[in-house]
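Below: one structure, written as structure tokens.
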Amino acid sequence: MPAPLLLVTRLPPDEEAGWRRALARAMPGETIATAADHPDRTTVEIAVVANPPAGSLRDLPALHWVHSLWAGVERLLQDATMPPVPLVRLVDPMLARAMAETVAASVLHLHRGLHVYAAQQRRRAWIPHPFQPATGRPITILGLGEMGRAAAELLVSLGFPVRGWSRSGAPVPGVSIFSGEEGLTDALDGAQVLVNLLPLTPETRGILRASTFARLAPGAYLINFGRGAHLVEVDLLEALAAGQVGHAVLDVFEQEPLPADHPAWSHPGVTVLPHVAAPTSRASAAAVVAAAVAAFRRTGLCPAGIDRQRGY
Ligand code: NAP
């Protein structure tokens, strides 16, 4: 029996137990331990983590790599006590598919004015608005990684003109690609929908700000499914008040759960989602981890980790 996999989370006990069961089911040949089992920490080679408390991966001298159960790793990178071993983030096709669905659902909802008709219904107002074809509604996606690519492909298939912004400018079929500072300006110019699917890094923090909104078409829609700290909330409130942003769908916030007195809850121009754009499926995430562990057991090679310098 190989050394136990150490599961480290800050999740409520029932959630952690659910993850433990899913991981055990996906890896019947492995032992999944938590700190409460008091495993021999000197033998642990792999840690599987979800929001681990700072310092919880210290004293693991045999640690080879860490697998996160989340796609975003910004919090792990903020933990100065993280050992300098490969840090693997969750790349799960199921997650990307769910994200693409939620982006498309939000875009179609706004594109066909369903948010406007919902507000009209509350006033018993029968007011049809002019039809606009998808081909006339340019959409810009910030971030064309696992999430952004899947969303872009689905939106292209629906007939929307899609522009995408990434660091490398790698091609995505049917999408006009931009990169760099200048590319960002071109990508934003006149967009009617802006979708953020960037990772949170020092470079992308606060990217959804007044100067960004000013580049969009007046009344453009904002969809932030990246991280709360991408958005400068006060700038959004001003852009909504000025009509520069017509409506925002926000799934992520600096403080989650969103505090009861947060203005987003009651703002008519904001749709609040409780961080559900791409929920992690325990079974499929555990299968992804299991495949990485099996490859490591077979070859002794650690899977490719994220680039700590880039921050994603
Ligand atoms: P990913 O595969 O690492 O892709 C990140 C994308 O952002 C890449 O296209 C990358 O460019 C681009 N990028 C990063 N820094 C950039 C910069 N400074 N300038 C321009 N482009 C930059 O990440 P992912 O799996 O798609 O996930 C993205 C984020 O979505 C996560 O970090 C997380 O915050 C969020 N997320 C949210 C939910 C939810 O439920 N709301 C669920 C999952 C993930 P390159 O292609 O050139 O590298």
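The values are calculated or read from the model by the stated rules, or taken from the named source; none is laboratory data. No experiment lies behind these values; they were computed from the predicted model shown. Virtual Cβ from ideal backbone geometry, glycine too; neighbours counted across all protein chains shown.
As for the range 255-263, it holds at least one residue that is part of a helix (DSSP H, G or I), modelled with pLDDT of 95 or more and not hydroxyl-bearing (S, T, Y).
Does the range 255-282 hold any residues that are within 13 Å of the ligand (Cβ to nearest atom) and either within 18 Å of P199 (Cα to Cα) or not aliphatic (A, V, I, L, M) (or both), and which are they? Spell out how you get there, then give the answer.
Here is the first cut: in the range 255-282, the ones within 13 Å of the ligand (Cβ to nearest atom) are 256, 272-281.
Of everything in the range 255-282, those that are within 13 Å of the ligand (Cβ to nearest atom) and either within 18 Å of P199 (Cα to Cα) or not aliphatic (A, V, I, L, M) (or both) turn out to be E256, P274, H275, V276, A277, A278, P279, T280, S281.
Hey, can you tell me all the residues within the range 288-312 that are within 16 Å of the ligand (Cβ to nearest atom), touching a helix residue (DSSP H, G or I) at 6+ places or on another chain (Cβ under 7 Å) and in a helix (DSSP H, G or I)?
Scanning the range 288-312 gives a single hit, V289.
Go over the candidates G159, G148 one by one and state the one that is in contact with a Ser or Thr (Cβ under 9 Å, 6 or more places away or on another chain), among the small types (G, A, S), buried (at least 24 other Cβ atoms within 10 Å of the Cβ) and in the same structural domain as T212 (by TED's automatic domain parsing). Of G159, G148, the one residue that is in contact with a Ser or Thr (Cβ under 9 Å, 6 or more places away or on another chain), among the small types (G, A, S), buried (at least 24 other Cβ atoms within 10 Å of the Cβ) and in the same structural domain as T212 (by TED's automatic domain parsing) is G148. Within the range 101-139, the residues that satisfy the criterion of being without any contact (Cβ under 8 Å) to a residue 24 or more places away in the chain, outside any helix (DSSP H, G or I) and not aromatic (F, W, Y) are R112, G113, R123, R124, A125, I127, P128, H129, P130, Q132. Every test in (1) over 30 Å from P257 (Cβ atoms); (2) more than 16 Å from the ligand (Cβ to nearest atom); (3) free of Cβ contacts under 8 Å to residues at least 12 places away in the same chain is passed by Q192 save one, and that test is (3).
For M82, the conditions (1) part of a loop (DSSP other than H, G, I, E, B); (2) touching a residue at least 60 places away in the same chain (Cβ under 8 Å) all hold with the exception of (2).
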